[in-house]
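What follows is a single structure, written as structure tokens, with notes after it.
The values are calculated or read from the model by the stated rules, or taken from the named source; none is laboratory data. Remember, predicted model here, so these are calculated numbers, not experimental data. Here the Cβ positions follow ideal geometry from the backbone for every residue, glycine too, while neighbour counts run over all protein chains shown.
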Amino acid sequence: MKNFYYPQKVAVIGVSQNPTNLGRGIILNLRQAGYTGKIYPVGPRGGEIYGLRIYQHLRDLPEKVDLAAVLTPARFVPQVVADCGDLGITRVVVESGGFSELGEQGRELEKEIIRLIDRYNLRLIGPNGLGLINMEIGLSLPFSQLAPVPRRGNISVIAQSGGVGMHRIAWMTKEGLGLNKFLSLGNKLNVKENEALAYFLEDPGTEMIYLYLEGLEDGRGLLEVAKRATKPIFLQMPNVVPETSKIALSHTASLATDEKAVDAACRQGNIFRVLRQSDFLNAAKMVGQPPVKGNRLVILSRSGGEAVVGAYACKRYGFTLPPLAPALADFIHERSRSKIIKPGNPIDLGDIFDFQVYSQVMDHLCQDPEVDAVLLNYGPVYDPERAEARAMAQHLIKRSRESGKPLAISVCATLEEEDFFREDLGVPTFHFPGDAVRALSYSRDFALRPDPDDPGTDEPDFDEQEIAELLRTAAGNGFLPMPLALSLIEAAGIPVARWLAAANSEEALKAASQLGFPVVLKLAAPSLLHKTEAGGVILNLNDLPAVVAAYRRLAGLAAQHLPPGEAWEVVVMKQVSGGEEVLLGAQRDEAFGPLVACGAGGILTEILEDVALRVAPISRQEARKQILETRIGRILQGVRGRPAADLEALSRALAILSHLVDRFPQIKEVDLNPVRVFAGEEGISALDARIRLG
């Protein structure tokens with residue numbers, strides 16, 4: 001990747017003197033950004049552009065270039081890529097559209113380009129993108145004009161959509177935020193997001209990364225890269241609902257990814273998933289600031305109303321407003337004009353017109369170890385005090401940098417003051433106090449992020465050979481018979497209520513006698529996915545006659561509702577009473593692979609929607625965190641004097657399930673519902689198991 005970003009000689013292919021030629025835009029952006037290397041325009045008609053000769057073919061260039069930017073009609077791109085290969089140009093950026101995003105003909109062109117990449121051992125970005133930018137050397141390859149030229153800074157952007165990338169960069173420039181590098185992925189034929197992300201995470205010039213994606217090919221790879229990150233990553237991925245999938249498919253040939261899977265991966269990888277562009281822009285304003293290392297925030301405000309707004313945001317984003325040190329409170333009280341209001345936090349300085357007091361308050365806060373960050377609601381009231389207010393703000397910024405105390409500034413005055421901070425001081429500010437508090441929370445959450453989970457710390461020791469043998473007995477793909485599913489879960493080490501299978505009423509009677517009453521009878525058949533709704537579960541069987549009647553009832557149900565000829569049997573299970581019903585499950589996502597789920601179980605699972613997900617495998621410690629994200633998990637922890645359930649046993653079962661589906665890719669879906677968990681008692685008990693192979 002580094003060779004893409006630091007070329008000394010660049011060829012731009014597809015340039016002409018025609019005023020409507022898009023290739024001209026690339027040349028203009030390179031010139032305006034101050035590219036420090038050599039530029040060679042190439043186009044079949046020749047001529048001159050911006051004082052540069054247009055060469056008619058790559059082989060006419062006086063020297064070999066390090067990188068080729070291609071913007072020709074799609075049908076010519078394979079030949080251009082081949083020419084690059086013949087001339088030893090190993091880095092190619094294709095901005096042309098007209099490929100898989102438009103249909104089968106475009107897909108064939110992409111296949112041809114892939115063959116050329118393999119043949120010549122090339123690296124290629126695109127097609128159907130806007131190239132890349134490196135502000136460190138003025139390398140700016142988008143064909144759309146960048147006006148004004150982006151500021152140089154420490155934020156890098158990866159975007160599958162070139163248009164989205166340009167829009168983010170434009171707003172970054174407007175908000176006083178500096179760009180370091182940009183990559184437009186386009187259709188991702190060769191260079192993909194995980195490789196680019198790994199490069200930016202190691203890049204010395206990058207301190208924060210914004211990643212916009214419309215599709216994921218290797219979600220697990222993204223998660224593994226993110227787990228190693230020492231820089232904040234902000235992911236925006238809107239193509240997670242049916243309403244966006246058709247648009248994205250025609251735009252960048254990307255399929256939708258499940259939203260809950262994306263959320264789970266972001267949680268595990270300490271990635272900030274942003275739903276609004278403004279969230280990223282606000283967070284980016286903390287780049288270059290010391291990290292926020294705790295929840296204790298002090299608000300300085302001349303406006304009482306804006307102080308209230310900030311205090312509400314603190315509550316929303318998990319900050320506390322600690323009381324002021326007595327000496328500081330006394331100082332503020334003495335310097336106030338009325339000496340009526342007792343100073344608190346937020347500090348309402350509306351009664352103080354001496355801006356030196358603000359500076360002295362900041363000096364106190366910078367020395368106070370009980371304060372983690374400061375929010376200044378800045379606002380001179382009238383023009384004569386503007387100069388003094390600006391000098392105060394500069395002092396606060398200086399003290400923040402010297403002491404390592406994070407400072408966020410919300411401008412609660414004329415917008416002209418925002419221009420002063422941004423243009424004269426090079427300091428981005430916030431439009432509103434709530435935005436500032438949100439940005440501080442991103443800084444805090446990254447600084448206090450937990451260590452990534454290591455699923456290898458306590459891998460379950462189930463017998464893989466035994467499980468493989470059980471899977472081999474399955475008759476092809478589809479749902480396993482319930483007895484086989486229960487046997488497999490038991491072999492993995494997940495506790496199951498005592499049970500026996502019965503092929504006729506005599507076996508059912510024998511099983512019930514052996515298990516002891518009361519028992520439950522369950523109809524087991526591959527097509528019967530929801531037994532309870534179909535009447536296939538009969539509870540509270542306390543004697544042998546009740547078992548016989550129940551078996552006959554299930555036999556009648558099978559004859560009436562199951563497909564003709566489908567094999568069925570009955571599972572006789574020891575009835576388990578009491579406890580809470582929990583769901584443990586697993587499924588496979590196209591991008592992230594196996595996922596595990598836990599949440600409220602029983603017949604109300606779909607209604608309650610109380611489920612947390614993780615990308616498998618996970619450790620017991622991570623499983624416990626996952627469980628406690630759910631409402632049922634917090635109930636099981638013990639509430640209002642109710643004893644806690646055995647969360648350790650439940651966590652162990654969830655971790656086992658995660659390793660099971662990770663090690664056996666033929667398992668496509670698992671549903672253990674319900675799993676009974678008991679307040680104040682040890683152990684858990686799975687009462688049903690549904691497993692689908694594929």
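Given the structure, is ILE627 within 20 Å of the chain's Cα centre (by Cα) and assigned by TED's automatic domain parsing to the domain that holds ILE489?
Yes, satisfied.
Test GLU459 against the stated conditions and say whether it is surrounded by 13 or more Cβ atoms within 10 Å (Cβ to Cβ) and either assigned by TED's automatic domain parsing to the domain that holds VAL582 or touching an Asp or Glu at 6+ places or on another chain (Cβ under 9 Å) (or both).
Considered against the rule, which asks whether it is surrounded by 13 or more Cβ atoms within 10 Å (Cβ to Cβ) and either assigned by TED's automatic domain parsing to the domain that holds VAL582 or touching an Asp or Glu at 6+ places or on another chain (Cβ under 9 Å) (or both), GLU459 comes out as yes.
Every residue in the stretch 133-153 that is in a strand (DSSP E or B) and in contact (Cβ under 8 Å) with a residue 40 or more places away in the chain, please.
Step one: list which residues in the stretch 133-153 are in a strand (DSSP E or B), which gives 133-134, 139-140, 152-153.
Hits for the stretch 133-153 are ILE133, ASN134, LEU139, SER140, GLY153.
Is it the case that the stretch 655-667 has a residue that's farther than 26 Å from ARG472 by Cα and hydrophobic (A, V, I, L, M, F, W, C)?
No, the stretch 655-667 contains no residue that is farther than 26 Å from ARG472 by Cα and hydrophobic (A, V, I, L, M, F, W, C).
Among VAL157, VAL191, which is more than 12 Å from ILE133 (Cβ to Cβ), surrounded by 20 or more Cβ atoms within 10 Å (Cβ to Cβ) and either at pLDDT 95 or above or of a type in the set (Gly, Ala, Ser) (or both)?
When all the criteria are applied, what remains is VAL191.
Can you find a residue in the stretch 260-269 that is surrounded by fewer than 18 Cβ atoms within 10 Å (Cβ to Cβ), modelled with pLDDT under 95 and on the phi > 0 side of the Ramachandran plot?
no
Considering only the stretch 154-194, state which residues are part of a helix (DSSP H, G or I) and either of a type in the set (Phe, Trp, Tyr) or not assigned by TED's automatic domain parsing to the domain that holds VAL81 (or both).
The one that is part of a helix (DSSP H, G or I) and either of a type in the set (Phe, Trp, Tyr) or not assigned by TED's automatic domain parsing to the domain that holds VAL81 (or both): TRP171.
Between a first residue in the stretch 556-585 that is closer than 29 Å to ALA600 by Cα and a second residue that is of a type in the set (Lys, Arg) and surrounded by fewer than 18 Cβ atoms within 10 Å (Cβ to Cβ), which pairs have beta carbons less than 8 Å apart while being 6 or more apart in sequence or on different chains?
Pairs that qualify, where the first residue is closer than 29 Å to ALA600 by Cα and the partner is of a type in the set (Lys, Arg) and surrounded by fewer than 18 Cβ atoms within 10 Å (Cβ to Cβ), are MET573/ARG498; LYS574/ARG498.
If you go through the stretch 481-497 one residue at a time, how many are assigned to a helix (DSSP H, G or I) and touching a residue at least 12 places away in the same chain (Cβ under 8 Å)?
Of the residues in that region, 10 qualify.
Would you check which residues across the stretch 313-353 are under 21 Å from SER410 (Cβ atoms), touching a strand residue (DSSP E or B) at 6+ places or on another chain (Cβ under 9 Å) and assigned to a loop (DSSP other than H, G, I, E, B) and list them?
Answer for the stretch 313-353, where residues must be under 21 Å from SER410 (Cβ atoms), touching a strand residue (DSSP E or B) at 6+ places or on another chain (Cβ under 9 Å) and assigned to a loop (DSSP other than H, G, I, E, B): PHE319, LEU321, PRO322, LEU324, ASN345, PRO346, LEU349, GLY350.
Quick one: TYR50 ticks every box in (1) surrounded by 17 or more Cβ atoms within 10 Å (Cβ to Cβ); (2) over 39 Å from the mean Cα position of the chain (by Cα) except a single one, so which number is it?
Unmet condition: (1).
Among residues belonging to the stretch 650-664 that are within 24 Å of the chain's Cα centre (by Cα) and over 17 Å from THR630 (Cα atoms), point out the one that is surrounded by the fewest Cβ atoms within 10 Å (Cβ to Cβ).
It comes out as ASP662.
Which count do you get for residues in the stretch 354-384 that are assigned to a loop (DSSP other than H, G, I, E, B) and without any contact (Cβ under 8 Å) to a residue 60 or more places away in the chain?
The number of residues fulfilling the criteria is 5.
List the strands (runs of 3 or more DSSP E) that sit entirely inside the stretch 531-616 and contain at least 3 residues that are closer than 30 Å to GLY219 by Cα and assigned by TED's automatic domain parsing to the domain that holds LEU660.
580-589, 593-600, 611-615
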